[in-house]
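Note sheet for the following structure.
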Amino acid sequence: MTATLLAEFLDADALKAGLAQARAAGYDVLEAFTPFPIEGLADQLGQERSNIRPVMLAGGLGTAAFAFGLQWYSAVINYPIISGGRPLNSWQVFLLVPFEVGVFAAALAGVIAFFWSCRLPRLHDPLFDIPGFERATQDRYFLLAATQRDASDLRASLRHAGAVEVTELRQP
């Protein structure tokens with residue numbers, strides 16, 4: 001059975017010390033909640049780079065290629081009209097629409113990937129039930145850690161690192 005604990009710290013240094021101690025003891029540190037970005041915390045948590053940029057690239061290039069192909073097909077194969085003495089495959093004319101549609105599709109893919117990676121829209125999270133968690137946006141620092149072993153060991157380790165309060169999350 002997995003036990004998930006949320007530890008509350010008073011400052012960023014105590015949070016980083018608690019994170020280092022929990023990692024050294026072999027516990028799974030899931031997330032940190034802070035009122036402002038802390039230098040080096042993402043590296044210490046072991047977070048990977050976001051996959052939003054490759055999704056945006058694929059969405060933009062794929063849509064631009066589709067728009068270019070659609071214009072080429074309609075002008076060369078489906079409804080060929082010789083206009084102004086230009087050849088039917090006048091690719092320079094076809095570039096504006098794929099560019100605009102590709103930029104729009106990349107932005108839309110980025111927004112969708114962002115919401116997906118943040119698991120939004122999520123109306124409720126068990127963290128919201130913990131008293132004082134709203135202070136994570138004001139002046140407190142929280143560390144979410146999990147263990148497969150006895151939760152009392154992790155609780156003692158976090159308290160030793162400087163946690164003011166350690167609360168166990170109830171899994172639904």
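Since every read-out is calculated from the coordinates, none of them should be taken as a lab result. These numbers were taken from a predicted model, which means no experiment stands behind them. Using ideal geometry, Cβ is built from the backbone for each residue, glycine included, and neighbour counts are taken over all protein chains shown.
Quick notes on this structure:
- Qualifying residue in the stretch 152-166 (condition: among the acidic types (Asp, Glu), under 13 Å from PHE9 (Cβ atoms) and over 26 Å from the mean Cα position of the chain (by Cα)): yes
- The residues of the stretch 78-101 that are touching a Phe, Trp or Tyr at 6+ places or on another chain (Cβ under 9 Å) and not in a loop (DSSP other than H, G, I, E, B), listed by number, are TRP91, PHE94, VAL97, PRO98, VAL101.
- Put simply, of GLU39, GLU8 the only residue that is of a type in the set (D, E, K, R), surrounded by fewer than 12 Cβ atoms within 10 Å (Cβ to Cβ) and outside any helix (DSSP H, G or I) is GLU39.
- Unique match (being over 28 Å from ALA107 (Cα atoms), in a helix (DSSP H, G or I) and among the basic types (Lys, Arg)) among ARG53, ARG23: ARG23
- When the stretch 42-76 is filtered for residues that are among the polar types (S, T, N, Q) and surrounded by fewer than 15 Cβ atoms within 10 Å (Cβ to Cβ), the ones remaining, listed by number, are GLN47, SER50, ASN51, SER74.
- Restricted to the stretch 124-172, and to residues there that are among the charged types (D, E, K, R) and closer than 16 Å to THR34 by Cα, the residue that is surrounded by the most Cβ atoms within 10 Å (Cβ to Cβ) is ARG140.
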